[in-house]
Amino acid sequence: MLTGLLLFVTALQAASPVVQGSRPNPKVYAPLPAKKPPKPVEFGVKDAFDPLTLIIFLGEEVNRTRRQRKGKGNPFARAWEHGPVASCAPGSFPVAIAGVCRNGTFVGPLFAGVGLAARSARDTWTIAQASLALNLTGGNFYGGIQATLLVNRVGGNFLGVGQLSLFNDIYGSFFGGAQVGFVNRAGNFFGVAQAGAVNTAGIGTGLQLGLANSADLWLGLQLGVLLNDGGDFGGISISPLNFHENGWGLKIGVLTSNRARFGGILIGGMNFGGHAMGIIVGVGNSMKYTSGVALGVVNITEHDMSGMQVGLINTADHARGVQIGLINFAEKLTGVQIGLINTALKGGLPFMVGLNIGFY
């Protein structure tokens, strides 16, 4: 009877949709699908709710595109295929005034497009490339200017006087005078000025003048109504918001940040950064390392301070030099503290009024 009972239970388990033998039935207890991590929320131009935010988002979008296309081929080289009849392209008739179009290259004093666009599949040699909406050179541009109402684009390098349009875009390098428009972008810029609401370049020299300016490396002058941002810069950067990886020269802003190093004179309301070398002037100065003079209401150095801190409150992990303020604090002191309250946990006295000397 016991044997029959065991056989009955075994048969019942085998027939059950929930249990097969001693293991759960995978058709019923299938593993739950792995949860995908939520995508980070990204805001873009479409989310802008005021003109100021629009400029910020537009600058971020231009920068993102510039970073993505590094090392990639020329995207404009065959753009004439979208409208070959209105192009100086292989197989299309010459579209020009006072010039010759052969195998996608235009040579002549004036290149004017039929209708809205003037396109050349390869190079353009002209005093002016002009149209109502779009000027496109798939290769290099040599000569004078590109001028249109909406878009100027060059797939190679630009060697000429300048570009004038709402949107100016050079995939290669710019050599010449100026890019003037609402948005100016160049792989590299070697000229007099980029002037527009948003200006961006890889390596650049000269003047960036706009609401928002950005470059991987800019040597010259950055004047931003709102923001100067990018990798490295050498020269003068003036804007309410100044953010760079490394900097050398003069920076003036309401909020300034150098994520790695800065050497020179830094003047701002709030100054943040990695290693500041030179003169730092601000309401609040917060650095990982300071070498030089920090003048502010509050001066904070996370690690080593070599030089002088002058303010109401001065703090450093290791103060090598002089602290002058109402309250001076150092984890380690190699130098002098002058203030109402002086504290040095190692090297000097843990509490001293007036003067504290440390020999850590």
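General observations
- Neighbour net charge for Ala330 - beta-carbon separation under 9 angstrom, K R +1, D E -1: 0
- Per-residue extension of 0.36 nm, minus the Cα-Cα distance of Leu312 and Leu149, leaves a gain of 53.2 nm for this segment.
- Residues of segment 251-279 falling in the label zone of Val297, defined by backbone nitrogen less than 17 Å from a point 7 Å along Cα to beta-carbon, are 253-256, 267-272.
- Relative exposure of Leu211, Leu295, judged by other C-beta atoms within 10 Å (fewest first): Leu295, Leu211
- Residues with amide H under 5 Å from that of Gly104, placed H, sequence gap 5 or more: Ala89
- Taking packing as the residue-averaged number of other Cβ atoms within 10 angstrom, the listed peptides 239-250, 342-353 run from highest to lowest as 239-250, 342-353.
- Residues within the reach of a label modelled at Ile357 (point 7 angstrom out along Cα to beta-carbon, backbone nitrogen below 16 Å), restricted to segment 308-348, are 321-323, 333-339, 344, 347-348.
- Asn157 long-range amide H proximity, modeled H, under 5 Å: Asn140, Phe141, Ser173
- Taking amide H as placed 1.01 Å from N in the peptide plane, Gly278 has its amide H under 5 Å from the amide H of Gly264, Ser291, Gly292, Val293, each at least 5 places away in sequence or on another chain.
- Euclidean distance of C-alpha centroids, segment 294-357 and segment 102-173, integer Å: 61 Å
Each reported figure results from applying straightforward, stated rules to the coordinates on display, with no laboratory input. In this text, all values refer to a predicted model and were calculated from it rather than measured experimentally. Here Cβ is always computed from backbone atoms with ideal geometry, including for glycine, and neighbour counts include all displayed protein chains.
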